[in-house]
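The values are calculated or read from the model by the stated rules, or taken from the named source; none is laboratory data. All values derive from a computational prediction rather than experimental measurement. Here the Cβ positions follow ideal geometry from the backbone for every residue, glycine too, while neighbour counts run over all protein chains shown. Accessible surface areas use protein heavy atoms only, side chains included; no ligands, DNA or RNA. Shrake-Rupley method; radii C 1.70, N 1.55, O 1.52, S 1.80 Å.
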Amino acid sequence: MADLENNEKPLRKIAEAFKDLAAAVNSQTPGADVEVAPFSRACSLVSPLFGCLGIAFKFAEMDYVAKVHDLAEASKSIGTLQIMLDRDIEENRVRKAGSHTRNLLRVKRGLDMVKVLFEQIIAAEGNSLKDPASKAYAQVFAPYHGWAIRKAVAAGMYALPTRAQLLSKLNEDETSARIQMQNYITTSASVILYLDKLYLSRELGIDW
């Protein structure tokens, strides 16, 4: 992807958007639900991160962007995530290709991958992202990808930017990046848990 504009700080935008989502998820209001529109907008802010990681995550980027776009389109006629899932259940299309429920599950995996990646980057020493990115991919995406995609990702790991290059692309220094990554880790954990509960409470499962 092209370098970001000089004044763009995507990590901060992501952290702020997920702070708002986490607040909605953690609301004490009975039956509180998350609206599709702000959810899809927050998720769209994560897309540039996949682009910054280069060819190793090109497939993930394309898939994630397409699924987020579907949710954004759905938000024009569907109010909340609960309603969105319930409508697919009523129409017996939960697991059909292109269903909003299926796409939401894929988006959730993208959010989880970034969360684990950030955890690994914060914990890692040195300038290489190969180990953090490999661990994040293996934990979140690999179980659902076929051999050909896993092979392509493994090859692409050798073309990852360095830690310094990634931070430069994101217009952050080490200290500010750590703060924003940790903010996302904390807030996205609440959102991911909420999404898991949406599926599990409807007996839809999350491993498909």
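Some observations on this one:
- Where trypsin sites (Lys or Arg not before Pro) in DSSP loops with at most 11 other Cβ within 10 Å are excluded, longest remaining stretch of the chain: 97-208
- Residues Ser168, Ser190, ordered by accessible area of protein heavy atoms at a 1.4 angstrom probe radius and largest first, appear as Ser168, Ser190.
- Counting only protein chain heavy atoms and rolling a 1.4 Å probe, the accessible areas of Leu200, Leu21 rank, largest first, as Leu200, Leu21.
- Gain on full stretching of the segment that runs from Arg150 to Thr175 - 0.36 nm per residue minus C-alpha separation: 5.7 nm
- DSSP loop GluC sites (Glu not before Pro) with at most 15 other Cβ within 10 Å excluded, longest remaining stretch of the chain: 9-90
- Cβ charges +1 (Lys, Arg) and -1 (Asp, Glu), total dipole of region 1-160, debye: 460 debye
- Residue-count net charge about Val36 - beta-carbon cut-off 10 Å; Lys, Arg +1, Asp, Glu -1: -1
- With K and R counted +1 and D and E -1, the other residues having a Cβ less than 14 Å from that of Ser201 yield a net charge of -2.
- Förster-model FRET efficiency, 22 Å R0, Asp20 and Ala72, C-beta, rounded to 0.05: 0.85
- Considering only alpha-carbon pairs that sit under 8 angstrom and 6 or more positions apart, the relative contact order computed for the chain is 30 percent.
- Accessible area per residue was computed with a 1.4 Å probe on protein heavy atoms; His69 scores about 110 Å².
- Cα-projected label distance for Lys96 with Arg202, points at 7 Å along beta-carbon direction, nm: 1.4 nm
- A 1.4 Å probe over all protein chains sorts Asp20, Asp70 by accessible area into Asp20, Asp70, starting with the largest.
- Kyte-Doolittle mean at least -0.5, axial Cα span of 30 Å or more - DSSP H helices of the chain: 100-123, 174-200
- Convex hull of Cα atoms in region 66-137, direction-averaged projection (nm²): 5.9 nm²
- Label-point gap, in nm, between Ile89 and Ile122 - each point 7 angstrom along Cα→Cβ: 3.4 nm
- Net charge of Cβ neighbours under 15 Å - reference Leu85; Lys, Arg +1; Asp, Glu -1: +1
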